[in-house]
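J.: Take a look at this one; I'll ask things after.
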Amino acid sequence: MNLIRSEEPDEVVLVAHSYARMVITGTADTLERECPGLIRHLIYVDAVVPKPGERWSSRHPAEIIKGRIEAARQSGGAAIPPPDAQLFGLQGADREWVSRRQTPQSVGVCQDPLSFDIRRIAQFPRT
């Protein structure tokens, strides 16, 4: 949002992959309140459009959520360690490449709900 605010573009298309669906939805909601008409399109790649009040983990099985929260607790309580890249079907050099680039995820994404105006988000073209 700070980049968009500082660059002052005439129009914006937000693109998200996977978890970032939460990010662009919240960003679009906030920016539409601040600068009506700025957002032109929301693109969700391998992602589900969230509903108000959902968390990143809302659609995950309870045992997965519990495991992530426990992993965060064991690492100091603030972040979920990245999963083994083998979970994505990667092996060898590809697995090593992805593993070097993964970073911990804030545990807040499992616990904090996303609040936004569904009517505001519904007005945007979405792909």
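The values are calculated or read from the model by the stated rules, or taken from the named source; none is laboratory data. Keep in mind it's a predicted model, so treat the numbers as computed, not measured. Note that we place each Cβ from the backbone using ideal geometry, even for glycine, and neighbour counts take in every protein chain shown. Protein only, heavy atoms only, side chains kept; ligands, DNA and RNA dropped before computing areas. Shrake-Rupley method; radii C 1.70, N 1.55, O 1.52, S 1.80 Å.
J.: Exactly one of these conditions fails for Pro82: (1) at pLDDT 95 or above; (2) farther than 24 Å from Arg119 by Cα; (3) part of a loop (DSSP other than H, G, I, E, B). Give me its number.
T.: (1)
J.: All but one of (1) assigned to a loop (DSSP other than H, G, I, E, B); (2) more than 17 Å from the chain's Cα centre (by Cα) hold for Arg95; which doesn't?
T.: Going through the list (1) assigned to a loop (DSSP other than H, G, I, E, B); (2) more than 17 Å from the chain's Cα centre (by Cα), Arg95 breaks only (1).
One line per residue, one yes/no per condition, for (1) part of a loop (DSSP other than H, G, I, E, B); (2) open to solvent by less than 60 Å² (accessible area, probe 1.4 Å); (3) at positive phi; (4) among the basic types (Lys, Arg):
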residue	(1), (2), (3), (4)
Pro50	yes, yes, no, no
Glu54	yes, yes, no, no
Ser57	yes, yes, no, no
Ile65	no, yes, no, no
Glu70	no, no, no, no
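J.: Given the conditions (1) open to solvent by less than 80 Å² (accessible area, probe 1.4 Å); (2) of a type in the set (A, V, I, L, M); (3) closer than 30 Å to Pro36 by Cβ, and given that Ile80 satisfies all but one, which numbered condition is not satisfied?
T.: Evaluating Ile80 over (1) open to solvent by less than 80 Å² (accessible area, probe 1.4 Å); (2) of a type in the set (A, V, I, L, M); (3) closer than 30 Å to Pro36 by Cβ leaves (3) as the failure.
J.: When region 37-72 is examined, which residues are found to be charged (D, E, K, R) and in contact (Cβ under 8 Å) with a residue 24 or more places away in the chain?
T.: Taking region 37-72 first, the residues charged (D, E, K, R) are 40, 46, 51, 54-55, 59, 63, 66, 68, 70.
Selection gives Arg40, Asp46, Lys51, Glu54, Arg55, Arg68.
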